[in-house]
Amino acid sequence: MSKLTQKQLDSHWMPYTGNREFKRDPRIIASADGCFYKDDQGRDIFDGLSGLWTCGLGHNVARINEAVAQQVKTLDYSPAFQFGHEKSFQLAEKITEFMPPELNRIFFTGSGSESVDTALKVARAYWRKKGKGTKTKFIGRAKGYHGAGVSGFSVGGIPANRTLYGQGLDSYHLPHTQAPGTEFTQGMSDVGAERADALLDLITMHDASNIAAVIVEPMSGSAGVIIPPQGYLQRLRDICDQHDILLVFDEVITAFGRMGANTGSEAFGVTPDIITMAKQVTNGVIPMGAVAFKEEIYDTFMEQGGPDYMLELPHGYTYSAHPVACAAGLASLAEIQEQGLVEQVRNNSRYWEEVVHSLRSSSELITDIRNYGYAAGITIAAPDGQPARRPYEVAMEMWAKGFYVRYGGDTIQLAPPFIAEREELDRMINALGESFGKL
């Protein structure tokens with residue numbers, strides 16, 4: 001039993017959590033090291049989702065810990081407006097080493113949600129600067145997730161994250177990319193690229209002169225690891241170019257190694273105009289996000305900024321480029337590079353693919369398995385219109401066995417740390433097979 005009192009449990013309104021269920025039987029994490037958590041009962045729990053897609057380096061990384069401790073003692077906070085500190089500029093340059101060459105202007109935020117909000121605000125402002133102020137609408141995609149802010153749920157396409165909140169920003173949605181007949185595809189399907197042509201229908205309906213940007217995840221993570229089919233992202237890129245619409249990749253999950261590449265953009269061979277990021281920037285140690293913009297977007301604001309003492313972009317956050325977060329980010333990204341972890345994920349991805357797809361035979365209730373890089377989603381047939389029930393049951397069985405996996409909607413989601421050994425992956429998959437077998 002947890003040592004927490006009922007009053008303490010009741011005081012915390014937990015995010016994206018069934019609070020009533022959790023507080024009846026709390027699952028409390030006490031510490032973490034390497035690929036494992038330790039719960040408050042002293043049990044080792046394998047981290048099958050890298051935190052929340054955040055901790056590819058594992059936990060308790062000495063280099064990051066030391067950088068954070070030194071930074072707190074040296075400069076704990078610095079104002080982000082009108083003044084700067086060295087590490088923010090150093091980290092911005094480091095991030096550009098992972099980005100497509102054209103996306104070399106970095107704006108710092110405090111989270112992925114703030115990164116999305118920043119990208120969409122800048123997209124609107126950019127078109128106003130270009131004399132096209134009617135371009136204010138956004139196009140997202142069904143099953144997309146873009147954070148928890150008003151702009152994020154507006155362009156997002158997961159119904160459970162939208163319906164409770166009413167009207168959001170003026171936005172419309174492309175169909176998702178799970179084409180019928182592509183179930184159990186390993187990696188990218190060669191079917192479904194034509195789904196991008198739905199963008200042409202939305203342009204016909206709303207006119208390109210009114211559309212500021214299209215925002216998609218290269219791989220939709222929170223909806224259950226939905227992989228783009230061959231040619232799909234390039235088709236979106238071509239249509240956006242033809243109709244003068246910005247293309248935004250939300251890479252909060254896919255940036256910095258998860259796809260076996262520096263970014264999802266690199267993995268899938270398509271360059272957007274804007275990339276949002278967070279999570280792996282600091283290995284989850286300190287909250288931080290960022291947005292990478294094409295240099296031409298940045299230059300447009302500089303050229304039309306008025307007197308040089310004026311603000312070119314009246315936007316930012318109290319914790320933009322927080323010095324402790326910057327220290328963590330520099331250490332995290334240096335570790336990824338020096339340990340060759342992007343290459344390690346790429347080299348091990350085929351093995352991961354094979355073991356994940358071996359789960360197909362563990363239960364007839366598994367209706368689809370999807371994978372790319374170090375990510376996988378498993379769809380489970382729903383009983384009596386309760387899509388979340390069986391994934392919840394599997395996740396609780398896995399927790400009892402000593403494994404943390406994510407359940408959401410009708411899926412189980414997996415994203416092991418980059419540093420995980422094959423033996424550890426095998427143990428998790430074997431435990432999953434046993435858990436599915438009990439459904």
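Annotations for the structure displayed:
- Percent RCO, i.e. relative contact order, over the stretch 319-431, from Cα pairs under 8 Å lying at least 6 residues apart: 20 percent
- C35, C326 arranged by Cβ crowding within 10 Å, fewest neighbours leading: C35, C326
- For the chain, built as a Gaussian network whose Cα springs stay under 10 Å, the top-fluctuating residue of G51, G84, G147: G84
- Prolate/oblate/rounded label for the stretch 119-261 (Cα gyration tensor, a/c 1.5): prolate
- Mean separation of Cα contacts under 8 Å, 6 or more apart, over the residue count of the stretch 49-139: relative contact order %: 9 percent
- GNM top mover of G110, G58, G385 - the chain, alpha-carbon springs below 10 Å: G385
- Taking the helices alone, the chain has a mean residue ellipticity at 222 nm of -11000 deg cm²/dmol, built from -39,500 (n - 2.57) per DSSP H run of at least 4 residues and averaged over all its residues.
- Contact order normalised by residue count of the chain, Cα under 8 Å, 6+ apart, percent: 21 percent
- About the Cα centre, charge dipole magnitude for the stretch 380-439 (Lys/Arg +1, Asp/Glu -1 at Cβ), debye: 120 debye
- Between L120, F81, S11, the Cα set farthest toward the positive side of the dipole of the chain (charges on each charged residue's Cβ, about the Cα centre) is that of S11.
- Gap separating the Cα centres of the stretch 45-105 and the stretch 386-439, nearest whole Å: 29 Å
- Sorted fewest first by neighbouring Cβ atoms within 10 angstrom, M205, M259 come out as M205, M259.
- By other beta-carbon atoms within 10 Å, ranking F89, F403 with the fewest at the front produces F89, F403.
- Within the listed set Y317, Y165, Y372, the Gaussian network model of the chain (springs between alpha-carbon atoms below 10 Å) gives the highest mean-square fluctuation for Y165.
- With all projection directions averaged, the alpha carbon convex hull of the stretch 65-338 covers 15.0 nm².
- Estimated dipole of the chain in Debye, rounded to 20 [Cβ of Lys and Arg +1, of Asp and Glu -1, Cα centre]: 1040 debye
- Under 27 Å from the Cα of K294 - lysines, other chains or at least 8 residues apart: K87, K94, K121, K129, K130, K132, K135, K137, K143, K279
- Dipole of the chain [Lys/Arg +1, Asp/Glu -1 at C-beta], most positive-end residue of G377, H176, F403: F403
- Separation between Cα centres of the stretch 307-364 and the stretch 164-238, rounded to whole Å: 23 Å
Rule-based calculations on the coordinates, nothing more; no lab input. What you see is a predicted model, and the numbers here were worked out from it, not measured in a lab. Neighbour counts are summed over all protein chains in view; Cβ atoms, including those assigned to glycine, are modelled from backbone coordinates with ideal geometry.
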